[in-house]
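Asks: Okay, handing you the structure first.
The values are calculated or read from the model by the stated rules, or taken from the named source; none is laboratory data. Note that the structure is predicted; figures quoted are calculated from it, not measured. Neighbour counts run over all protein chains shown; Cβ positions are idealised from the backbone, glycine included.
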Amino acid sequence: MSRTERFYKIDQLIHDRRLVPFADLQEALGVSRATLKRDLEYMRTRLNAPIVWDARQRGYRFETQSTRFGGQYELPGLWFSSQEIHALLTMQHLLANVEPGGMLSAHVQPLIARLNGMLGSVHAQDNAAEEIRQRVLIVGIDKRALKLFHFERVGSALLRRKRLLLHCLARGNAEAGECEVSPQRIVHYRENWYLDAWCHTRRALRSFPIDAIESAEVLEKPAREVARRSIDAVLGPGYGIFAGRARQRASLRFTPERARWVANEFWHRQQKGQFAEDGSYLLEVPYADERELLADILKYGADCKVLAPESLRTAVADALRAALAAYAAEAA
């Protein structure tokens, strides 16, 4: 924890608890007595923090709550952690893409203003939030067009706990199918939205891409409730959005040139990885459906070799042969 972070921690503890003993501050910061004393002295003398020792109650407190918020007491700028700045900017990114006319439209600007205020607290300077947006870029990939009307219907049924009658377009053959579902949750994954639902037609849990919905009708039937544990057990263990009960484990070897990149990547919460003696990287991930896993393997080209299972090796080889045949036909 840096010195500036300790200042913010001390400020927060005294503000929240009103009175904090020295031992509690020391334990929360994880520093020596001498370091804590220096921090408190610096905050009082250099930052004008109205921190006083209350001998009767044996703890530190602010002398008055009003001076704490005045211009005479201001903590130095503090940079957010990578997770915090990503969360704030992702929220801004999502809000900026909300279409006008939807249920959230009237609330978007106040939310954006609040986020700007939080981002502005990163550094004490004018237009700090705008400066951060210009200096930090979040790039979304693979985002598909989404009909706001269908998204609203799905969200309404989800919160009202009603069933939905869906007409969805199958990606592979462009044929539409009808099914009655009980919505359980919506998932934002790789820039796209999905609906996890109990399908009464197939009597199973399924995940539906919301952008593939052609029409959605809210039915006046109570939705079937499925325990979260059951949803996670069925839709959680598999690889990517094509989840399901993991039936196989993919064993992949990445070349030393790509090993250091892949070693720091998160493919699956149950992944296992280790470096080999030659500098390559061995990665194992469970999967139920090979489609998304196949696409992620192919993007590494010759730098990724499938060791097992044989069915996945065959699928990769078939995909490569099909691609080569298509290029050869086009060239001819």
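Asks: Under 7 Å between Cβ atoms, at least 6 apart or on separate chains: pull out the pairs that start in region 203-231 with a residue that is more than 19 Å from LEU159 (Cβ to Cβ) and end on any residue that is charged (D, E, K, R) and surrounded by fewer than 17 Cβ atoms within 10 Å (Cβ to Cβ).
Replies: As it stands, the answer is ASP211/ARG144; ALA212/ARG171, since those pairs meet every condition given.
Asks: Name the residues in region 225-256 that are at pLDDT 80 or above and under 13 Å from PRO286 (Cβ atoms), would you?
Replies: Matches in region 225-256: GLN248, ARG249, ALA250, SER251, LEU252.
Asks: While we're looking at this one, here's another question. Take VAL218 and decide whether it is under 21 Å from TYR287 (Cα atoms), of a type in the set (Val, Ile, Thr), in contact with a Ser or Thr (Cβ under 8 Å, 6 or more places away or on another chain) and modelled with pLDDT under 95. Lay out the reasoning, then the answer.
Replies: Working: under 21 Å from TYR287 (Cα atoms): no; of a type in the set (Val, Ile, Thr): yes; in contact with a Ser or Thr (Cβ under 8 Å, 6 or more places away or on another chain): yes; modelled with pLDDT under 95: yes.
The answer is no for VAL218.
Asks: Assuming PHE62 fulfils every condition listed in (1) at pLDDT 90 or above; (2) among the aromatic types (Phe, Trp, Tyr); (3) out of contact with any helix residue (DSSP H, G or I) (no Cβ under 6 Å at 6 or more places or on another chain) apart from one, which condition is it?
Replies: (3)
Asks: Something else about it: On the basis of being in contact with a helix residue (DSSP H, G or I) (Cβ under 6 Å, 6 or more places away or on another chain), aromatic (Phe, Trp, Tyr) and modelled with pLDDT under 85, does TYR189 make the cut?
Replies: no
Asks: Let me ask you something else. Given the structure, is LYS305 closer than 28 Å to TYR189 by Cα, under 28 Å from the mean Cα position of the chain (by Cα) and surrounded by 12 or more Cβ atoms within 10 Å (Cβ to Cβ)?
Replies: So LYS305 does not fit the description; no.
Asks: What single numbered condition from (1) buried (at least 17 other Cβ atoms within 10 Å of the Cβ); (2) at pLDDT 90 or above fails to hold for PHE7?
Replies: (2)
Asks: Another question, then. Within the set of pairs 6+ apart or on separate chains, which have a first residue in region 143-157 that is touching a residue at least 12 places away in the same chain (Cβ under 8 Å), a second that is of a type in the set (Phe, Trp, Tyr) and surrounded by 15 or more Cβ atoms within 10 Å (Cβ to Cβ), and C-beta atoms under 8 Å apart?
Replies: Taking only residues 6 or more apart or on different chains, the pairs are LEU146/TRP193; PHE151/TRP193.
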